[in-house]
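Working notes, beginning with the structure itself.
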Amino acid sequence: MARRDALQRINRVLTDRRTELIRLLRSDLESLGHDRHASVTGDAADFALELSGEELTSQLAEIEARELNQIDRALIRIRKGVFGICEGCSKNIPIARLNALPYSELCIECQRLAEKDSTWLSDKRRKNAAHSQMVESESLN
């Protein structure tokens, strides 16, 4: 029961963070759109400062968009009933890890393997998908 309660709490955290990220991204994009239409008055240093501010805003928006994508994937896993299960080894991801990184798809051990080998996770997902298709086709026969 404690794990289920923790997962429900994490679902709320993810949903709240998603709402916040959407608000931040909207603000970033409005800022970038406004900055592009503003006329630059001043010298080259002012222009350079404005450009570096736009670059920073753009980079922040990219980071926020990546996090939003990870959260959306976690919310899909919640709806499918597989949230908190490692995509690498199919074991439960410890609640402590999910508290630290709520959109974790891998346990720490599998995360380390994925970091050592950039194709490990995609290979694992491909094998799991092939296995699921085989089981599904066998159940239809």
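The values are calculated or read from the model by the stated rules, or taken from the named source; none is laboratory data. All figures in this text were calculated on a predicted structure; none of them were measured in a lab. Positions of Cβ are generated from backbone atoms using ideal geometry, with glycine treated the same way; all protein chains shown enter the neighbour counts. Just so you know, the surface numbers come from the protein's heavy atoms only, side chains and all, with ligands and any DNA or RNA stripped out. Shrake-Rupley method; radii C 1.70, N 1.55, O 1.52, S 1.80 Å.
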Test for Arg3: is it at pLDDT 95 or above and not hydroxyl-bearing (Ser, Thr, Tyr):
no
Residue list for segment 88-113, restricted to those being part of a helix (DSSP H, G or I), buried (at least 18 other Cβ atoms within 10 Å of the Cβ) and under 16 Å from the mean Cα position of the chain (by Cα):
Leu98, Gln111
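This table checks each residue for (1) under 28 Å from Arg9 (Cβ atoms); (2) in contact with a helix residue (DSSP H, G or I) (Cβ under 9 Å, 6 or more places away or on another chain); (3) among the charged types (D, E, K, R).
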residue	(1), (2), (3)
Ala61	no, yes, no
Asn69	yes, no, no
Arg77	yes, no, yes
Ser90	yes, yes, no
Ala96	yes, no, no
Ile108	yes, yes, no
Thr119	no, no, no
Test Ala65 against the criterion of being farther than 16 Å from Arg17 by Cβ and open to solvent by less than 60 Å² (accessible area, probe 1.4 Å), and give yes or no.
no
State all residues of segment 14-62 that are modelled with pLDDT under 80 and of a type in the set (Ser, Thr, Tyr); if no residue qualifies, say none.
Ser31, Ser39, Thr41, Ser52, Thr57
Near pairs, Cβ below 7 angstrom, 6+ apart or cross-chain, from segment 116-141 (closer than 16 Å to Cys89 by Cβ) to any residue that is assigned to a helix (DSSP H, G or I)
Trp120/Leu113; Trp120/Ala114; Leu121/Ala114
Going through Ser139, Ser122 one at a time, which residue ends up being over 19 Å from the mean Cα position of the chain (by Cα), hydroxyl-bearing (Ser, Thr, Tyr) and surrounded by fewer than 16 Cβ atoms within 10 Å (Cβ to Cβ)?
Ser139
